[in-house]
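The values are calculated or read from the model by the stated rules, or taken from the named source; none is laboratory data. In this text the structure is predicted, and so the values were computed from the model without any measurement. Cβ atoms come from the backbone with ideal geometry, glycine included; neighbour counts cover every protein chain shown. Keep in mind that these areas ignore ligands, DNA and RNA; they rest on the heavy atoms of the full protein, side chains included. Shrake-Rupley method; radii C 1.70, N 1.55, O 1.52, S 1.80 Å.
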Amino acid sequence: MNVNEFDFDLPERLIAQTPLQDRTASRLMVLEKETGHVEHRHFPDLLDEVEAGDILVLNDTRVLPARLMGVKEDTGAAIEVLLLKETGEDEWETLVKPAKRVKVGTVVTFGDGHLKAECTDVLEQGGRLFKFQYDGIFYEILDALGQMPLPPYITETLDDQDRYQTVFAKERGSAAAPTAGLHFTEEILDQFREKGVDVTFITLHVGLGTFRPVSVDSVEAHTMHAEYYSVTEQTAAVINQTKERGGRVIAVGTTSARTLETIASANDGKMVATSGWTSIFIYPGYTFSIVDGLLTNFHLPKSTLLMLISALSKREHILAAYKQAVDKEYRFFSFGDAMFIKPQQRKESN
């Protein structure tokens, strides 16, 4: 399967640069995954599409203010460091700009020396391993000195950094937000609960592999970056109970979908409490084990996320829906509008 089969024309003006003032004010495209039928709605209408007895599964990861602006201790040259993942005690895998200035032994200081980092290894694609030195609590220092790592296609400054966090963000560790969750408020989550829809949470720490383009021609030749996930016993139990009584599992975001499928595909379609690293790559031909429906934003051309949603529905349905989204000027990407890939109606259990 060629990557170009997942291409489409996207005018740059449709890339949302700033979030809407009201999180729930976005538009919502509803796509019936089997037929390809499309309806144009607004986000609160999702309440009409998800039925009592279904379950929403959201990702409660919290984005780190992981972009640090520092200087080389010896020369004063400006260095930007982006934290990717913690690999040991006070040791982080990072991306560095300009990478050519940072070699093993280079010391970078941040915030007038309140935080220091020594490069201990050179990795691929501008990556560096850093050992950090500081007095106090690392995450408090990071909150004071770090900036939110917005995706490369967002060029505007974010006035309120909390708008790149979900309202339910809890577990620190992401380099990017699980953006489908940005549409929710506590009030609308309560409305789902009042309707009889279960709401539960998994954790997957989003890595920058989310934004890296597919650099091979063949879809099957692409390798995903590994991301850390965790699911509790309570979450596993309530999802299994939902399936057993005929309810539908609605993943909020591709990160939730990938976590659920990683676990269920290894456990005969069941959820279990577990944690680990996933590099699951879902593209057309994949058979879903547990996810029935998906709420997601609109994705980049030729991206692995577009391939995932094409596996849940059909590539032809997705590309036709995206053409409508462009024609009707939906807002794309992280701060953009939402799409609900709608499963068949629930079969009531006796």
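Below is a table of values for the structure above.
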{"quantity": "Unique match (being more than 24 Å from residue 293 (Cα to Cα) and open to solvent by 40 Å² or more (accessible area, probe 1.4 Å)) among 62, 67", "calculated": "67"}
{"quantity": "Test: residue in segment 329-349 that is over 18 Å from residue 43 (Cβ atoms) and of a type in the set (A, V, I, L, M, F, W, C)", "calculated": "no"}
{"quantity": "Segment 30-53 - residue that is part of a loop (DSSP other than H, G, I, E, B) and of a type in the set (Asp, Glu) and, of those, nearest to residue 316 (Cα to Cα)", "calculated": "34"}
{"quantity": "Residue, least open to solvent (accessible area, probe 1.4 Å), within segment 220-234, restricted to residues that are closer than 24 Å to residue 305 by Cα and among the polar types (S, T, N, Q)", "calculated": "230"}
{"quantity": "Positions within segment 162-175 being at pLDDT below 95, touching a strand residue (DSSP E or B) at 6+ places or on another chain (Cβ under 8 Å) and open to solvent by 10 Å² or more (accessible area, probe 1.4 Å), in sequence order", "calculated": "172, 173"}
{"quantity": "Scope segment 1-22; condition more than 22 Å from the chain's Cα centre (by Cα) and touching a residue at least 24 places away in the same chain (Cβ under 8 Å); matching residues", "calculated": "1, 2, 4, 5, 9, 11"}
{"quantity": "Subset of segment 241-278 (residues that are crowded, with 23+ Cβ neighbours inside 10 Å, among the β-branched types (Val, Ile, Thr) and outside any helix (DSSP H, G or I))", "calculated": "249, 250, 252"}
{"quantity": "Among the residues listed as 126, 146, the single one being within 27 Å of the chain's Cα centre (by Cα), on the phi > 0 side of the Ramachandran plot and in contact (Cβ under 8 Å) with a residue 24 or more places away in the chain", "calculated": "126"}
{"quantity": "Some residue of segment 332-344 being acidic (Asp, Glu), surrounded by 23 or more Cβ atoms within 10 Å (Cβ to Cβ) and at pLDDT 95 or above", "calculated": "yes"}
{"quantity": "Residues satisfying the stated conditions in segment 214-240, i.e. farther than 13 Å from residue 270 by Cα, touching a residue at least 12 places away in the same chain (Cβ under 8 Å) and not in a loop (DSSP other than H, G, I, E, B)", "calculated": "218, 219, 220, 227, 228, 229, 230, 234"}
{"quantity": "Which numbered condition residue 188 fails, given (1) open to solvent by less than 50 Å² (accessible area, probe 1.4 Å); (2) closer than 25 Å to residue 87 by Cα", "calculated": "(2)"}
{"quantity": "Residue that is most open to solvent (accessible area, probe 1.4 Å), among those in segment 84-125 that are in a loop (DSSP other than H, G, I, E, B) and within 19 Å of residue 226 (Cα to Cα)", "calculated": "124"}
{"quantity": "Residues that are of a type in the set (A, V, I, L, M), part of a loop (DSSP other than H, G, I, E, B) and under 18 Å from residue 206 (Cβ atoms), drawn from segment 126-172", "calculated": "148, 150, 154, 158, 167, 169"}
{"quantity": "Residue that is surrounded by the most Cβ atoms within 10 Å (Cβ to Cβ), among those in segment 7-50 that are acidic (Asp, Glu) and closer than 27 Å to residue 156 by Cβ", "calculated": "7"}
{"quantity": "Residue under evaluation residue 295, criteria (1) open to solvent by 30 Å² or more (accessible area, probe 1.4 Å); (2) touching a residue at least 12 places away in the same chain (Cβ under 8 Å); (3) of a type in the set (A, V, I, L, M), criterion not met", "calculated": "(1)"}
